[in-house]
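Here's the structure, in structure tokens; my notes come after.
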Amino acid sequence: MIFIGGTILTVDRDFSEAEAMAIRGNRIIAIGAEADVRAAAGESATVFNLDGKVMLPGFVDPHTHVVAGAIVDGIMDYVGMARFATTQEVLDHLKAKTQETPDGEWIMGRNFDPAVQAGPDALTFAELDAVSTTIPIFILNASGHLAYANSKAFEAAGIPADVVNPPGAEFVRDTSGKLTGTIKNNVAFVRILEKSPAMVRAEPVSALIGLLADWGRLGLTTVSELSLGALTQSPADLAIMTAAAKSGQLTARIRAYPFYTLSTEAWGAAGVKPGDGDAIARVAGYKLVADGSNQGFTGLQREPYLNSDSRGSPYMTVEELKEIAVDRAGKGWQLAIHGNGDAAIDNVLDACQAVRDAGLDMSNVRARIEHCSMLHDDQIARMKNLGVSASFLIGHAYYWGVWMRDSVFGPERVQQLVRCQSTENAGIGFTLHSDFMVTDPNPLHMIEMAVTRRTWKEPDFVLNPDERISVETAIRAITSEAAWQLFSEHEIGSLEIGKLADLVILDRDPRKVDPDKIKDIKVVETWMDGERVYEA
């Protein structure tokens, strides 16, 4: 098949444009001048006229949580900021749900965020038991690092009053030592969630296939799983991903990262190795977590939070980070290390330094800092020196920028948040991601967020205008740079001869519209592996 008659943005090294492109099967066989492409494809080739539309490589989201997220998306009611402006509205909605919840079922919600939904700082037994003391209620925070449950859910899950906190996690208690119903870190709250009937009944393979089929409308052709093992709390998550891939029904590729909470021994005993899988679904690296979330005040900071003595929480000590990073890198694993707070990023870089000091080649490790939220000039210099890239949750600036300014860091410190342009100026590669389910995996909206840095609550407030990036840089961050971070630049991320035929067709060129309207560009078609998987 030959594509002609539109703008073809290859996103190659020169961001060159082509007149035509030809594919045979699932591979690109020619791209460039139309006459040359027609000659390479042969007279029998089918001609697809773009009719003035714009073709790009399929979009790549390098940090999502699709295995667990597919289940959660299917069994939990969305109660986030886009639906409810206040906590009271959420509680009223949950109260109404009690009238329609069958006996034995739970009420579950996701994406609640007190940082942007007006009301108390957290949901506790006080609020949730007022909704119901007979129906278990479980609510997941938008960050994915916090959850809230009523006393009936604690009872149903068999969580006693004297429960011991798992390492790096917490069942929060009040000053008198009593449980409050707030839970920090998934290794703790999964002990409640896994007991819900909907979770027990869930069919993860079909849920994963269905989720990615829906994402074709967003132009996504490659996604990721940055907490492989979190759903089943075992290496069985890999079997779910593999089964979905082998079904032949996946409409997007998956690159997965085994999660540290299962231990290196557990993954080793299961025989999981870097590179396992194929072009559809593959194990790409290993995931470590240095801290929590800044908007949840669990990100680890150099200085206390605004109007607080707290500096946040380390999920792993720097010594643990160093030990596991050296072990994994020494066994051929790429490292993806979550770091939100600036002190956590210090710890991540210390771990990367330990990898280098162990005599390992950092260019092979391709270490990446996940979210990389509060970033200083000295840290950018260390990243450059160590060969460490960044993957930015750009939604931190858009959705939480005002909250971070007013309630978390103050107007001066918040300028360190999501420093895309400074990273580019230093010659460091970076990507943009959604961290689904923290934010929606909409690549065009992510481009707009990075280009404009406007904020959701105050659209006229631009968070650190100097950190705005060009549209071309933003496109690279969700195509070629993302492919590189996922160790997949040889097969996806740009439209070049020999690469897989993953592409998206848009009705307008993101470079030529009002930057505040990029998210309104329409995805006309999405192709993955040489086949159309979405058509508007």
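State whether one or more residues within the stretch 204-224 are small (G, A, S), under 30 Å from G104 (Cβ atoms) and either open to solvent by less than 10 Å² (accessible area, probe 1.4 Å) or part of a strand (DSSP E or B) (or both). Break it down into steps so the answer makes sense when it comes.
Restricting attention to the stretch 204-224, the residues satisfying the condition of being small (G, A, S) are 206-207, 210, 213, 216, 219, 224.
With under 30 Å from G104 (Cβ atoms) added as a condition, the list becomes 206-207, 210.
Right, trim to either open to solvent by less than 10 Å² (accessible area, probe 1.4 Å) or part of a strand (DSSP E or B) (or both) and you get none.
No, the stretch 204-224 contains no residue that is small (G, A, S), under 30 Å from G104 (Cβ atoms) and either open to solvent by less than 10 Å² (accessible area, probe 1.4 Å) or part of a strand (DSSP E or B) (or both).
Quick one: is A243 more than 22 Å from I369 (Cβ to Cβ) and open to solvent by 30 Å² or more (accessible area, probe 1.4 Å)? Quick ask: steps written out before the conclusion?
Values: more than 22 Å from I369 (Cβ to Cβ): yes; open to solvent by 30 Å² or more (accessible area, probe 1.4 Å): yes.
So A243 fits the description; yes.
Inspect all residues belonging to the stretch 275-287 and state whether any of them is outside any loop (DSSP other than H, G, I, E, B), surrounded by fewer than 23 Cβ atoms within 10 Å (Cβ to Cβ) and on the phi > 0 side of the Ramachandran plot.
Yes - at least one qualifying residue is present in the stretch 275-287.
Return the residues of the stretch 462-471 that are crowded, with 18+ Cβ neighbours inside 10 Å and part of a loop (DSSP other than H, G, I, E, B); say none if nothing qualifies.
L463, N464, R468, I469
Go through the stretch 141-192 and count every residue that is of a type in the set (A, V, I, L, M), surrounded by fewer than 24 Cβ atoms within 10 Å (Cβ to Cβ) and in a strand (DSSP E or B).
2
Say we look at the stretch 235-263 and pick out the residues that are among the polar types (S, T, N, Q) and at pLDDT 95 or above; which of these is nearest to T526 (Cα to Cα)?
Start the filter on the stretch 235-263 by keeping residues that are among the polar types (S, T, N, Q), which leaves 242, 247, 249, 251, 261, 263.
Next, only the ones that are at pLDDT 95 or above stay: 242, 247, 249, 251.
Numbers: T242: 23, S247: 20, Q249: 15, T251: 9 Å.
Among those that are among the polar types (S, T, N, Q) and at pLDDT 95 or above, it is T251.
Suppose the filter is over 24 Å from L226 (Cβ atoms), surrounded by fewer than 21 Cβ atoms within 10 Å (Cβ to Cβ) and among the charged types (D, E, K, R); does E100 pass it?
On the way: over 24 Å from L226 (Cβ atoms): yes; surrounded by fewer than 21 Cβ atoms within 10 Å (Cβ to Cβ): yes; among the charged types (D, E, K, R): yes.
Spelling it out, E100 is indeed over 24 Å from L226 (Cβ atoms), surrounded by fewer than 21 Cβ atoms within 10 Å (Cβ to Cβ) and among the charged types (D, E, K, R).
List the helices (runs of 4 or more DSSP H) that sit entirely inside the stretch 315-378 and contain at least 3 residues that are in contact (Cβ under 8 Å) with a residue 12 or more places away in the chain and out of contact with any Gly (no Cβ under 7 Å at 6 or more places or on another chain). Working first, answer last.
Working: elements: 318-330, 342-357, 362-365.
Where helices (runs of 4 or more DSSP H) fall fully within the stretch 315-378 and carry at least 3 residues being in contact (Cβ under 8 Å) with a residue 12 or more places away in the chain and out of contact with any Gly (no Cβ under 7 Å at 6 or more places or on another chain), they are 318-330, 342-357.
Please enumerate the residues belonging to the stretch 407-429 that are open to solvent by 10 Å² or more (accessible area, probe 1.4 Å), without any contact (Cβ under 8 Å) to a residue 60 or more places away in the chain and not in a loop (DSSP other than H, G, I, E, B).
Q415, Q421, S422, E424, N425
Please go through the stretch 162-173 and pick out each residue that is within 14 Å of R191 (Cα to Cα) and either touching a His at 6+ places or on another chain (Cβ under 9 Å) or touching a residue at least 12 places away in the same chain (Cβ under 8 Å) (or both). Don't jump to the end; show me each part of the working.
First, pick out the residues of the stretch 162-173 that are within 14 Å of R191 (Cα to Cα): 163-167, 169-171.
Matches in the stretch 162-173: V163, N165, P166, P167, A169, E170, F171.
So, of the residues in the stretch 472-496 that are of a type in the set (D, E) and open to solvent by 20 Å² or more (accessible area, probe 1.4 Å), which turns out to be nearest to R27 (Cα to Cα)?
Residues of the stretch 472-496 of a type in the set (D, E): 472, 481, 489, 491, 496.
This time we only want the ones that are open to solvent by 20 Å² or more (accessible area, probe 1.4 Å), so: 472, 481, 489, 496.
Numbers: E472: 24, E481: 20, E489: 14, E496: 9 Å.
Selected residue: E496.
Look at E127 and say whether it is among the charged types (D, E, K, R) and either assigned to a loop (DSSP other than H, G, I, E, B) or open to solvent by less than 10 Å² (accessible area, probe 1.4 Å) (or both).
Values: among the charged types (D, E, K, R): yes; either assigned to a loop (DSSP other than H, G, I, E, B) or open to solvent by less than 10 Å² (accessible area, probe 1.4 Å) (or both): no.
It is false that E127 is among the charged types (D, E, K, R) and either assigned to a loop (DSSP other than H, G, I, E, B) or open to solvent by less than 10 Å² (accessible area, probe 1.4 Å) (or both).
Hey, could you check the stretch 447-461 for residues that are over 21 Å from D377 (Cβ atoms) and in contact with a strand residue (DSSP E or B) (Cβ under 9 Å, 6 or more places away or on another chain) and say which is most open to solvent (accessible area, probe 1.4 Å)? Walk me through how you get there before you give the answer.
Quick first cut of the stretch 447-461, residues over 21 Å from D377 (Cβ atoms) only: 447-449, 451-452, 454-461.
Filter once more, keeping what is in contact with a strand residue (DSSP E or B) (Cβ under 9 Å, 6 or more places away or on another chain): 447-449, 452, 454-455, 460-461.
Details: I447: 1, E448: 15, M449: 13, T452: 16, R454: 80, T455: 3, D460: 142, F461: 46 Å².
If we take residues in the stretch 447-461 being over 21 Å from D377 (Cβ atoms) and in contact with a strand residue (DSSP E or B) (Cβ under 9 Å, 6 or more places away or on another chain), then D460 is most open to solvent (accessible area, probe 1.4 Å).
Test of understanding: among L432, L444, which residue is open to solvent by less than 40 Å² (accessible area, probe 1.4 Å) and assigned to a strand (DSSP E or B)? Before the answer, list the steps.
Numbers: L444 fails: assigned to a strand (DSSP E or B).
Sole residue among the options that is open to solvent by less than 40 Å² (accessible area, probe 1.4 Å) and assigned to a strand (DSSP E or B): L432.
Just give me the residues in the stretch 52-67 being open to solvent by 10 Å² or more (accessible area, probe 1.4 Å) and either under 18 Å from I23 (Cβ atoms) or in contact with a helix residue (DSSP H, G or I) (Cβ under 8 Å, 6 or more places away or on another chain) (or both), in sequence order. Write out each step before concluding.
Kept after step one, since they are open to solvent by 10 Å² or more (accessible area, probe 1.4 Å), are these residues of the stretch 52-67: 52-53, 65.
Across the stretch 52-67, the qualifying residue is only K53.
Quick one: which of T261, T242 is hydroxyl-bearing (S, T, Y) and closer than 24 Å to G210 by Cβ?
Numbers: T261 fails: closer than 24 Å to G210 by Cβ.
Result of the check over T261, T242: T242.
Mind checking which residues of the stretch 104-123 are crowded, with 19+ Cβ neighbours inside 10 Å and either free of Cβ contacts under 8 Å to residues at least 60 places away in the same chain or not in a loop (DSSP other than H, G, I, E, B) (or both)?
Those that are crowded, with 19+ Cβ neighbours inside 10 Å and either free of Cβ contacts under 8 Å to residues at least 60 places away in the same chain or not in a loop (DSSP other than H, G, I, E, B) (or both): I107, M108, G109, R110, N111, F112, P114, Q117, L123.
Which is part of a strand (DSSP E or B), within 17 Å of W527 (Cβ to Cβ) and open to solvent by 40 Å² or more (accessible area, probe 1.4 Å), of I31, I23? Explain how you work it out, then say what you get.
Working: I23 fails: open to solvent by 40 Å² or more (accessible area, probe 1.4 Å).
It is I31.
The values are calculated or read from the model by the stated rules, or taken from the named source; none is laboratory data. These numbers were taken from a predicted model, which means no experiment stands behind them. For neighbour counting, all protein chains shown are included, and Cβ atoms are generated from backbone atoms with ideal geometry for every residue, glycine included. Just so you know, the surface numbers come from the protein's heavy atoms only, side chains and all, with ligands and any DNA or RNA stripped out. Shrake-Rupley method; radii C 1.70, N 1.55, O 1.52, S 1.80 Å.
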